[in-house]
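K.L.:
Quick one: this structure, given as structure tokens, is what I'll be asking you about.
The values are calculated or read from the model by the stated rules, or taken from the named source; none is laboratory data. This structure is a prediction, so every number in the text was calculated from the model and none was measured. Every residue, glycine as well, gets a Cβ built from its backbone with ideal geometry; the counts of neighbours run over all protein chains shown.
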Amino acid sequence: MKKGLLLLLLTGFLFCRLIATEQQRDSLLTLLSQQSGTDKINSLIALSDLIVYATPEQAKVYADSALNLAQDLQETKLRYKALKSRGYAHGYAGNILASIADMQEGLDYYISIADSVRIAEALSDLGYLDQARGLYDRALEKYQQSLSMREQIADQKGIAYSLNNIGTLYWRLGKMDEALDYYLQAIGYFELADLKEEIATSKGNIGVIYSDMDNPEKALQYQLEALK
């Protein structure tokens, strides 16, 4: 009974997010028809990021358009922002090596300008790609490097994402206790940054872990909290 209710709640939550995504997409498409220059680049990037999970090939088209426009306008920072979006699109389309190439190019650039925030982000992205290839030790090393850098610069939001990534990796490895520990730490930092969607996602993940551990009471508790 409780597992059935849990599934129903998750289905409703995902449906609401789908409707919201479609509305955002339509708004961005309307803006694009009216924009030029850097505003258009930013909207193309936002559109690519918005649809990358559902339609990565189309997301790549928008990211390529943003990248080309940024190159034409000699907007270097926006070019690398678009490159990152294209890397995500490659990754979700299953083109892991192309994704790695884009992310590594971005990392090299951010190292050259000593941008610690972006270096940590790129390390995290490359760690995710290692994880997708089953290279778990390498993924954990990059996640930990990213976490260490974010702690050094007191990037509270970034720390939360790094902790969340490590929790997800441990979950993939079947190390449930470690996964719960890192997810709970991540939630604490997400709460400090008032990142409600990330809090909900982490609590939802904890709910699924408890369900996998045959603890339906805890699973339902965290899934209900995720929907608040």
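K.L.:
Looking only at the range 108-144, count how many residues are surrounded by fewer than 18 Cβ atoms within 10 Å (Cβ to Cβ), at pLDDT 95 or above and in a helix (DSSP H, G or I).
P.N.:
10
K.L.:
Scanning the range 145-170 for residues that are surrounded by 15 or more Cβ atoms within 10 Å (Cβ to Cβ) and among the small types (Gly, Ala, Ser), which turns out nearest to residue 103 (Cα to Cα)?
P.N.:
Once the filter is applied, the top-ranked residue is 146.
K.L.:
Between 209, 159, 199, which is within 25 Å of residue 87 (Cβ to Cβ), free of Cβ contacts under 8 Å to residues at least 60 places away in the same chain and among the β-branched types (Val, Ile, Thr)?
P.N.:
Working: 209 fails: within 25 Å of residue 87 (Cβ to Cβ); 199 fails: within 25 Å of residue 87 (Cβ to Cβ).
Unique residue meeting the criteria: 159.
K.L.:
What's the total number of residues in the range 29-78 that are under 22 Å from residue 107 (Cβ atoms) and in a loop (DSSP other than H, G, I, E, B)?
P.N.:
The total comes to 3.
K.L.:
Could you tell me which numbered condition residue 43 fails, if it satisfies all but one of (1) in the same structural domain as residue 163 (by TED's automatic domain parsing); (2) over 30 Å from residue 173 (Cβ atoms)?
P.N.:
(1)
K.L.:
In addition: Residues of the range 63-72 being surrounded by 21 or more Cβ atoms within 10 Å (Cβ to Cβ) and over 9 Å from residue 86 (Cβ atoms), which ones? Spell out the reasoning first.
P.N.:
Filtering the range 63-72 down to residues surrounded by 21 or more Cβ atoms within 10 Å (Cβ to Cβ) leaves 63, 66-67, 70.
The one that is surrounded by 21 or more Cβ atoms within 10 Å (Cβ to Cβ) and over 9 Å from residue 86 (Cβ atoms): 70.
K.L.:
Tell me, which helices (runs of 4 or more DSSP H) wholly within the range 145-228 include 2 or more residues that are in contact with a Ser or Thr (Cβ under 9 Å, 6 or more places away or on another chain)? Show your work before the answer.
P.N.:
Numbers: elements: 156-172, 176-192, 196-212, 216-226.
It comes to 156-172, 176-192, 216-226.
K.L.:
Go through the residues of the range 100-113 one by one and say whether even a single one is polar (S, T, N, Q) and farther than 23 Å from residue 161 by Cβ. Lay out the reasoning, then the answer.
P.N.:
Residues of the range 100-113 that are polar (S, T, N, Q), as a first pass: 104, 112.
Next, only the ones that are farther than 23 Å from residue 161 by Cβ stay: 112.
Checked the range 100-113: at least one residue is polar (S, T, N, Q) and farther than 23 Å from residue 161 by Cβ.
K.L.:
I'm checking my understanding of the structure. Among residues of the range 20-62 that are closer than 22 Å to residue 76 by Cβ and charged (D, E, K, R), which one is surrounded by the fewest Cβ atoms within 10 Å (Cβ to Cβ)?
P.N.:
Across the range 20-62, the extreme among qualifying residues is 39.
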